[in-house]
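The values are calculated or read from the model by the stated rules, or taken from the named source; none is laboratory data. Here the structure is a predicted model, which is why all the values come from computation and not from measurement. Cβ sites come from the backbone with ideal geometry, for glycine too, and all protein chains shown count toward neighbours. For accessibility, only protein heavy atoms count, side chains too; no ligands or nucleic acids. Shrake-Rupley method; radii C 1.70, N 1.55, O 1.52, S 1.80 Å.
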Amino acid sequence: MKPAQEDAYLEFVAARARALYHSAYVLAAGDSHLAEDLVQETLSRVYVHWNRVARADSPAAYAQTVLVRAFLSLRRRRSSGERPVAAMPENAASGPDAALRLTLLDALGQLPPRDRAVLLLRYWEDRSIEETGRMLKLSSGAVRSQGTRALGRLRALLGDSLTDLVPH
C-alpha cells in the first residue's frame, strides 16, 4: 500500500474504531473480548480491500457491513464454542444504568445472532429497513418481520425485569 493510502487508512481507523467497537459490543452481548476480536477482524478485512473501501460512497457503512457479516459468520461456524456465562462479574459495569445495561445485554445474548444483528442495525445504529436489508442480504419484508419477532423475543425475555430498573 502506498504511504498516502496507508495514512488514509490510519485516519479511518482512528475515526471509526470506537464506533465499530460499540456496535461489536452490542452484537457480542457484552463480551468485550469477542467485540475486540470482531473489530480486529473487520479492520484487517478493510485494510486488505482499502482501495475499494476508500472509493465507496460510505467507507464507514462498508466497515459496519463487514463487522456484522464477520459476526454472523463467526456464529455460524461450529468451532465457535465459546458460550456466555450465567452471571456477570461483580465489576462488569458501574454507574446508574449499569443494572439496566447488564439486563439488556444478557437478554440480547439469549437471542439468535441474526436477531441481534437486526436489532443492532435498526435500533442501535438507527439504520433504515432498506440499508439493514442490504447489509444482511435480506429483503425489506424479511427485515421488518425479523425485527418484529426479535423485539417480541426480547420483550418475552425481559418480562417485567425492566420495570424495577428504569427510573420513573
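Here are some notes:
- Subset of the range 118-146 that is open to solvent by 30 Å² or more (accessible area, probe 1.4 Å) and among the hydroxyl-bearing types (Ser, Thr, Tyr) - its residue that is modelled with the lowest pLDDT: TYR123
- Only one of the numbered conditions (1) in contact with a Phe, Trp or Tyr (Cβ under 6 Å, 6 or more places away or on another chain); (2) at pLDDT below 90 is not met by TRP50, and that is (2).
- Positions within the range 94-113 being in a helix (DSSP H, G or I) and open to solvent by 70 Å² or more (accessible area, probe 1.4 Å), in sequence order: ARG101, ASP106
- Condition check for ALA29: at pLDDT 95 or above, out of contact with any Phe, Trp or Tyr (no Cβ under 7 Å at 6 or more places or on another chain) and either open to solvent by 20 Å² or more (accessible area, probe 1.4 Å) or outside any helix (DSSP H, G or I) (or both): no
- Unique match (being open to solvent by 30 Å² or more (accessible area, probe 1.4 Å), at pLDDT below 85 and either part of a helix (DSSP H, G or I) or among the polar types (S, T, N, Q) (or both)) among ARG149, ARG75: ARG75
- Selection count, the range 23-52, where residues are free of Cβ contacts under 8 Å to residues at least 24 places away in the same chain and either of a type in the set (Ser, Thr, Tyr) or touching a Pro at 6+ places or on another chain (Cβ under 8 Å) (or both): 3
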